[in-house]
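The values are calculated or read from the model by the stated rules, or taken from the named source; none is laboratory data. Only a predicted model underlies this, so the values are computations on that prediction, with no experimental measurement involved. So basically every Cβ, Gly included, is an ideal-geometry build from the backbone, and we count neighbours across all protein chains shown. Accessible surface is based on the protein model in full, side chains and every heavy atom, while ligands, DNA and RNA are left aside. Shrake-Rupley method; radii C 1.70, N 1.55, O 1.52, S 1.80 Å.
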Amino acid sequence: MGDGTTTVFGRAHRLTTAGLLMLVTFVAFESMAVATAMPTAVAELDGLAWYGWPFSAYLVASVVGMVAGGDVGDRRGSRVALLVGVALFAAGLLLGGLAGSMAWFVAARAVQGVGAGIISVALYVVAGQAYEPALRPKLFAAFSAAWVLPALVGPLLAGLITTHAGWRWVFLGLLPLIAVGLGLILPALRRFGAPTAAPEGARHRHWWALLAGLGIAALQYAGQRLDLLAVAVAAGGLAALVAGLRPLVPAGTVRLRPGLPAVVGGRGLLAGAFFGMDVLLPLTLTELHGYTPTAAGVPLTAGALGWALASQLQSRRPDVPRVRILRAGFALLAVGLATSALVTVPALHGWPVYLTWAVAGLGMGLGMPSLSVLLLDQSPEERRGADSAAFQIADVTASALAIGTTGVLVAAGVAGVLSFEAAVLTAVAVLTLLAALGAAAAPRAGSRPAPEARDTATTLAAT
């Protein structure tokens, strides 16, 4: 392939890489920017009482989209999956930008969520088909970098657009750019037809995904309350989540069974540990040290920069075993989490988290691309869509559970059940434990069970 074999921007992959990165960037920008535009949108649509619904609708629908994307990719090929995903995401943007009522806006966010879920899975299917194994670490490093720019400028740019052009253009303005990204990818996707052997057992998976998504939404809602109703909602949500996940993730995921289950479970541990603290840090800095919103967000920027830096570093060391890089990533994340407990020390005024969260970001930059590479290495082509969907679902589920847990602890601190400092320290301890568990189990992600021992079913093992 000439220079296409040494770089993702070589002649053989240049347009495909540019198109993929554009899609990643715009999806990331929308996910980061919408929170900035949402207060203005709900005020204009007279929907303040529904404020949380657009977020929940997007989350639940994205889980359904992930499963749908995996099924379409395995049955019809990556080209069809990506076209469907982009079409739905664009339709959601258009409907959201033209929304005349809050109900219309919530429905638009649901359509957008389905499209985003399909795209997130289709990107992995395309990566497995279009790029040889030696280039995948570099591709996933580029994906990480494509998330950093929206993290840095997305909220600010969305605020400027909302103020000077109107919140609707946060949605409508992305439509032509997404069309350009898709146009760059399509020529490469024409080389990939439908799979010769579609997997069995995919029927009704979207209903299980909907049940799991509703369970996640219920747990998030329960995390915002601290009463008897919250307990009932949390119990129902957990039951729905467990029932919905059983057909959607590889057998043994919860137990981190060696091989693909440990890869999928590792993605959940990594995402849950990081994002559980990522949402807590700004609040902690504001509540304990009186930081302004801008200053409280700077540590998150440091984490994003550390993530991008480490992603680039891991792509330059193809000689180092993936599981070793993964273990180092989990270890750095555990160190960053544990040392972030210093945010509760009054005399330090919160300044250590500017450094500690950069360390946590380094861990994510090593861990996330490594897990993505291991996923493609261990997933057979005919099941790559379903396995990529499980990978993304583990991320969303674990993040929601971790964020819900920190929300319960914060609510307990506000209600006086715990001091706020104790609530933060408890959250740090729980999340650090998750990262430490990931470091201990990292070697399992590189293990390949014997062929006769592999279980190709997508249900959790009954124990």
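Just a few scattered comments:
- Structure-based [θ]222 nm, the chain - -39500 (n - 2.57) summed over DSSP H runs of at least 4, per residue, nearest 500: -25500 deg cm²/dmol
- A Cβ-based charge dipole, computed about the Cα centre of the chain with Lys and Arg at +1 and Asp and Glu at -1, lands at about 1080 debye.
- Averaged over residues, the count of other Cβ atoms within 10 Å places the peptides 280-287, 307-314 in the sequence 307-314, 280-287, highest first.
- Ranked by the mean number of other Cβ atoms within 10 Å of their residues, highest first, the peptides 207-220, 100-113 fall in the order 207-220, 100-113.
- Full extension of the chain segment joining Leu186 with Leu172 gains 2.8 nm, where the gain is 0.36 nm per residue of separation less the Cα-Cα distance.
- For the chain, with +1 on Lys and Arg beta carbons and -1 on Asp and Glu, the positive-most of Val417, Leu177, Ala235 along the dipole: Leu177
- Listed residues Gly297, Leu280, Leu313: farthest to the positive end of the dipole of the range 253-337 (Cβ charges): Leu313
- Applying 1/(1 + (r/R0)^6) with R0 = 30 Å to the Cβ-Cβ distance of Leu425 and Asp377 gives a FRET efficiency near 0.20.
- Each peptide in 157-165, 14-22, 69-77 was scored by the mean count of other Cβ atoms within 10 Å over its residues; highest first, the order is 69-77, 14-22, 157-165.
- Using a probe of 1.4 angstrom and keeping all protein chains present, the accessible surface of the range 223-287 works out to 37 square angstrom per residue.
- The range 25-119: proportion of alpha-carbon pairs further apart than 19 angstrom, %: 38
- The stretch between Val231 and Val279, if pulled fully straight at 0.36 nm per residue, gains 15.0 nm over its current Cα-Cα span.
- Label positions at Val320 and Val242, each projected 7 Å from the Cα along the C-beta direction, are separated by 3.9 nm.
- In a fully extended conformation the segment linking Ala165 and Ala179 would gain 2.9 nm over its present Cα-Cα distance, using 0.36 nm per residue.
- Modelled FRET efficiency - R0 45 Å, Leu355 with Ala91, Cβ distances, 0.05 increments: 0.55
- Stokes-Einstein translational diffusion, the range 136-186 - Kirkwood Rh over all Cα pairs, 0.890 mPa s, 25 °C, in µm²/s: 193
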